[in-house]
Amino acid sequence: MREQIEKILKERILVLDGAMGTMIQAFQFGEEDYRGERFRDYEILLKGNNDLLSLTQPGAIKEIHRKYLEAGADIIETNTFSGTTIAMADYAMEELVYELNYESARLAKEVAAEFSRKEPHKPRFVAGSMGPTNKTASMSPDVNDPGFRAVTFEELRVAYKQQAEALLDGGADLLLVETVFDTLNAKAALFAIEEIKEERGLDIPIMLSGTITDASGRTLSGQTAEAFLISVSHIPLLTIGFNCALGANLLQPHLEAIAPKTDLAISAHPNAGLPNAFGEYEESPEQMAEQIEAYMKRNLVNVVGGCCGTTPDHIRAIAELAKRYAPRTPESESV
């Protein structure tokens, strides 16, 4: 699988899908929809647990995947952004984690396979989405106790390993460790994946995507884009890049910072601009595509897609542009 994807990355720019959460919101699901019949009497409110919809509303999740593939996506992400025992503890659903990830991967794989069969010249891939969790290993959540940590590296490793194993068992072609705001969290995920690779004798393709949180140009845990790259350079990654937090134009300088420093393929899936006062993303597909075209003109990317606020229309506009440009080729020394 890795060889196949690497070959395609050298031939053309691959297109990642857009926002799962944005599409789920469009369904306007209520509490009963999230619960379904299986969790009708569950003691905790479940609305907002989007990962659970893979079990209670699988048809909707498959429809979202299908719309992104129809729009031109080469890679679709599983509905598992919060699919760890650490994140699912908010809903007392730790015991469901394996099933949630397995079923999410299975659903995505079914739809991807359907499109691959119809267009064998354009194979579709499933990326197992592994989000950052809702805890950070590098910083204390208590300003009065800076030495306190809400989670340990070992707890993260165990949680991520369970998630990754379920995603692979369900049919994920590669793993996407994304929206990394704390590189120590990401290193726990990467360590867990390396364990699985050794145990299973697999060369699992890994995409890694950090997030620059504000105008400071740093991750939440304080790293610059280049420092983030260097700190994970010991892992044999498929791609490295950035997603979320910023719009496409604001993300570009950070892609430019790492492009001369790595031979790895680079990915970018920014938001549809910055949210307004109501938390809505207003950037149109045309506006976003115009900004992402600058990535392609500057030889910065091998994979492009969308994060918060993006829809199939955004991905369609990006995919049309991607056809016109060659993928990034490294031009200088790597770290």
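Nothing in this text is a laboratory measurement; each read-out follows from the coordinates by a stated rule. Nothing here was measured: the structure is a model prediction, and the numbers come from that model. When we count neighbours, we look across all protein chains shown, and the Cβ atoms used for this are built from the backbone with ideal geometry, even at glycine.
Please go through region 100-143 and write out the GluC sites (Glu not before Pro) that DSSP classes as loop and that have at most 15 other C-beta atoms within 10 Å.
none
Computed over the chain, the P(r) curve from all C-alpha pair distances, binned at 20 Å from the origin, holds 33, 62, 6 percent per bin. Sorted into 10 angstrom bins from 0, the C-alpha pair distances of region 131-221 split as 17, 45, 28, 10, 1 percent. Taking N185, N49, N101 as the candidate residues, the one with maximal mean-square fluctuation in a Gaussian network model of the chain, Cα springs under 10 Å, is N49.
Using alpha carbon centroids, what distance separates region 222-288 and region 41-107, in Å? After rounding, the separation between the Cα centres reads 24 Å.
Using a ≥ b ≥ c from the Cα gyration tensor of region 1-92 (square roots of the eigenvalues), is it rounded, prolate or oblate, where a/c under 1.5 gives rounded and otherwise the larger of a/b and b/c decides, a/b for prolate?
The shape class here is prolate.
By the helix-only formula, in which each DSSP H run with n ≥ 4 contributes -39500 (n - 2.57) and the sum is divided by residues, the chain has a 222 nm mean residue ellipticity of -13000 deg cm²/dmol.
Ordering V151, V304, V97 from the fewest to the most neighbouring beta carbons within 10 Å gives V151, V97, V304.
Partners of K161 within straight-line reach, counting lysines whose Cα lies under 24 Å from its Cα and excluding those fewer than 8 residues away in the same chain: K109, K135, K187, K197. When only alpha carbons of region 159-278 are considered, Rg and Dmax amount to 14.7, 49 Å. The relative contact order of region 2-322, computed from alpha carbon pairs under 8 Å that lie at least 6 residues apart in sequence, is 19 percent. Exposed loop sites are taken as trypsin sites (Lys or Arg not before Pro) in a DSSP loop (any state but H, G, I, E or B) with at most 11 other beta carbon atoms within 10 Å; the longest stretch of the chain without one runs 41-322.
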